[in-house]
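These notes are about the structure you will find just below.
The values are calculated or read from the model by the stated rules, or taken from the named source; none is laboratory data. Here the structure is a predicted model, which is why all the values come from computation and not from measurement. Virtual Cβ from ideal backbone geometry, glycine too; neighbours counted across all protein chains shown.
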Amino acid sequence: MVFAFSAEPQDVRIEPPGLSAILSVPGNASGLVLFAHGSGSGRHSPRNNYVSGRLREAGIATLLLDLLTPEEERDRANVFDIRLLAARLIEATDWAARQEGTRGLPVGYFGASTGGGAALVAAAVRGPEIAAVVSRGGRPDLAGSALAQVSAPTLLIVGGLDGPVIDMNREAQARMHAEAELVIVPGAGHLFEEPGTLDQVIEHSRGWFQRHFRRVRAGESVK
């Protein structure tokens, strides 16, 4: 299927395996960010759509997708199958690489909650093809042994009130060999629902993606 690529969000379908998604491609996009949502969430997540909109304003293309088909979602075990979710993120990455409007763009992953673990597993598999990863309130520990295989620069953002997840992210950061930074947003809980906290996530994420997309476009290698 041929799409009329636009900065305005449009519904697309990723074949295979038949995933519903929302794609936005601003003119002269600097890169493409794929969103991996957490358990119980999907392409209509209000928080991730808000982040996506702000990234688009900065000239970054975004793809918000459901990592499971409606049939698969009925089996709750699939919601926490990190390897399956990562495989779907990889399939979406391959799909984007085949589309005229997104082909050749530097690629980044934005993972939330369990999606953070899936994004890191996918990044480990794709290696230098992935320019950067951002995890918001993520569970990087769920990536397991894949953490040591990630080469993409990774930004771990955690709420200051999200105690157990802070510890999980610190431990994961220590296991990574790639560039990995941990940012703790004061006064934020797991979902970053507190006033102004999600805007801080956006500010950090936007800067991270822009910096590493520029690096890829300049032909620099990952340090």
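Below is a table of values for the structure above.
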item	result
Region 18-35 residues that are on the phi > 0 side of the Ramachandran plot and of a type in the set (Asp, Glu), paired with ones that are outside any loop (DSSP other than H, G, I, E, B) and surrounded by 21 or more Cβ atoms within 10 Å (Cβ to Cβ) (beta carbon under 6 Å, 6 or more apart)	none
Residue match in region 160-168 (condition: under 23 Å from LEU64 (Cα atoms) and modelled with pLDDT of 95 or more)	no
Criterion (under 23 Å from ALA178 (Cβ atoms), in contact (Cβ under 8 Å) with a residue 24 or more places away in the chain and out of contact with any strand residue (DSSP E or B) (no Cβ under 6 Å at 6 or more places or on another chain)) met by exactly one of VAL79, VAL133, VAL107, VAL121	VAL121
Residue list for region 147-163, filter: in a helix (DSSP H, G or I) and surrounded by fewer than 20 Cβ atoms within 10 Å (Cβ to Cβ)	ALA148, GLN149, GLY163
Test: residue in region 66-76 that is among the polar types (S, T, N, Q) and either in a helix (DSSP H, G or I) or within 30 Å of ALA218 (Cβ to Cβ) (or both)	no
Selection count, region 164-223, where residues are in a helix (DSSP H, G or I), within 24 Å of ILE60 (Cβ to Cβ) and of a type outside the set (S, T, N, Q)	17
